1. Could you give every pair whose Cβ atoms fall below 6 Å, whose first residue belongs to region 255-273 and is buried (at least 21 other Cβ atoms within 10 Å of the Cβ) and at pLDDT 95 or above, and whose second residue is polar (S, T, N, Q) and not in a loop (DSSP other than H, G, I, E, B), counting only separations of at least 6 or pairs across chains?
2. Quick check on region 167-184. Is at least one of its residues open to solvent by 70 Å² or more (accessible area, probe 1.4 Å), modelled with pLDDT of 95 or more and more than 21 Å from the chain's Cα centre (by Cα)?
3. Can you name every residue in region 103-133 that is part of a helix (DSSP H, G or I) and in contact with a Cys (Cβ under 9 Å, 6 or more places away or on another chain)?
4. Write out, first by first residue and then by second, each pair whose Cβ atoms fall under 7 Å of each other, whose residues are 6+ apart or on separate chains, and whose first residue, in region 208-234, is closer than 18 Å to Lys179 by Cβ and acidic (Asp, Glu) while the second is part of a helix (DSSP H, G or I) and open to solvent by less than 70 Å² (accessible area, probe 1.4 Å).
5. For Gly332, which of the numbered conditions (1) at positive phi; (2) touching a Lys or Arg at 6+ places or on another chain (Cβ under 9 Å) fails to hold?
6. Counting only residues that are open to solvent by 20 Å² or more (accessible area, probe 1.4 Å) and touching a strand residue (DSSP E or B) at 6+ places or on another chain (Cβ under 6 Å), how many does region 187-197 have?
7. Go through Ala151, Ala118 for me and flag whichever is more than 20 Å from the chain's Cα centre (by Cα) and either more than 27 Å from Arg178 (Cα to Cα) or open to solvent by 50 Å² or more (accessible area, probe 1.4 Å) (or both).
8. Residue check: is Lys85 more than 20 Å from Ile264 (Cβ to Cβ), at pLDDT below 95, in a helix (DSSP H, G or I) and out of contact with any strand residue (DSSP E or B) (no Cβ under 9 Å at 6 or more places or on another chain)?
Amino acid sequence: MPAKKKIAVVPGDGIGKEVIPQALKVLSAVAAPLELAHFDWSADRYLRDGVTIPADGFTMLARDFDAILFGALGDPRVPSNIHAKEILLGMRFKMDLYANVRPVKLLDASLCPLKNIAPEDVDFVVVRENTEGVYMDMGGLFKPGTPDEVATQEDINTRKGVERVIRFAFELARNQGRKRVVMADKSNVMTYAGGLWQRVFKQVGEEYPAIERQHMFVDALCLHLVRDPRQFDVIVTNNMFGDIITDLAAALQGGLGMAASGNIHPGRTSLFEPVHGSAPPFAGKNIANPVGAILSAAMMLEFLGMNAEAERVNAAVLESVRQKKTTQDIGGTLGTREVGEWIAGHA
């Protein structure tokens, strides 16, 4: 029997505490060789003892675990959202999880708001740089609260950071048999950062002659996503543009409840999470869609080399959508727990 992979489970806040248990049900159903450890890092923990993540938390995760299965963070009782920033962004930055990978795959035509679009027409991956850009919290205020107030926010792009995420995108395309990588920027306005992305994209792309490469301005790319998503295979872009593009792309596959993601550094402990957030208005009502969390768990299995188990999970999710054994947001009548149980029973 293969050695068990060690997984840190962090449900977090809101609907994260409802959807992650459903993902765990499905992982149990496919008998994936996993050893789970549960962590209560959340708003509840922060409000109870003032701790967001223990001092050695990131070191412990990187040292002791193969992957992290994460729910969501965000709670109106913590207006500053300091716990979300220190835990989730801390994992991404301090564990150097530089590639945010978001598959966009339509499972049924009924879920797409576009006309005459079939499942095979929406099947691409967005690779978002995950550790740089404006998310690095560099900037400041001058004369705050006055009519002369000035706010600055720095957009940080390093050669190392840009090159490794672009190379990751080309490697992903090659490994998945995809034929085209599109890089999105706004280099007609952001000339310095965009110029760096342009040069690196050209240089790295020349190492992959079998893969077509194309540049699009990010606003044009958003237009083309809704005009004709069939043209996309892999999209690579910076942190902010990737954040925006992936929410738009999620609409093409049925909404944020269907969207999975991985925060990846190849060869290191990586993080897998649904992208829908904690959604406080929906928490505790058994209505949240658990599919994003379940598909994130399937991504984690693939990352760990458990491809057969991942295929079983993906097939069960597809069947649940086809049979409308889903939550109301995508046309079903089941609750969160019932969807998890159905998928686990058919995985």
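The values are calculated or read from the model by the stated rules, or taken from the named source; none is laboratory data. Keep in mind it's a predicted model, so treat the numbers as computed, not measured. As a convention, Cβ positions derive from the backbone with ideal geometry for all residues, glycine included, and neighbour counts pool all protein chains shown. Ligands, DNA and RNA are stripped out before the accessible areas are found, and what is left, the full protein with its side chains, is counted by its heavy atoms. Shrake-Rupley method; radii C 1.70, N 1.55, O 1.52, S 1.80 Å.
1. These pairs meet every condition: Ala260/Ser296; Asn263/Asn100; Ile264/Ser270; Leu271/Asn263; Phe272/Ser296; Glu273/Ser261; Glu273/Ser296.
2. yes
3. Answer for region 103-133, where residues must be part of a helix (DSSP H, G or I) and in contact with a Cys (Cβ under 9 Å, 6 or more places away or on another chain): Pro119, Asp121.
4. Asp233/Ala173
5. All conditions are met except number (1).
6. 0
7. It is Ala151.
8. Numbers: more than 20 Å from Ile264 (Cβ to Cβ): yes; at pLDDT below 95: yes; in a helix (DSSP H, G or I): yes; out of contact with any strand residue (DSSP E or B) (no Cβ under 9 Å at 6 or more places or on another chain): yes.
Against the criterion (more than 20 Å from Ile264 (Cβ to Cβ), at pLDDT below 95, in a helix (DSSP H, G or I) and out of contact with any strand residue (DSSP E or B) (no Cβ under 9 Å at 6 or more places or on another chain)), Lys85 qualifies.
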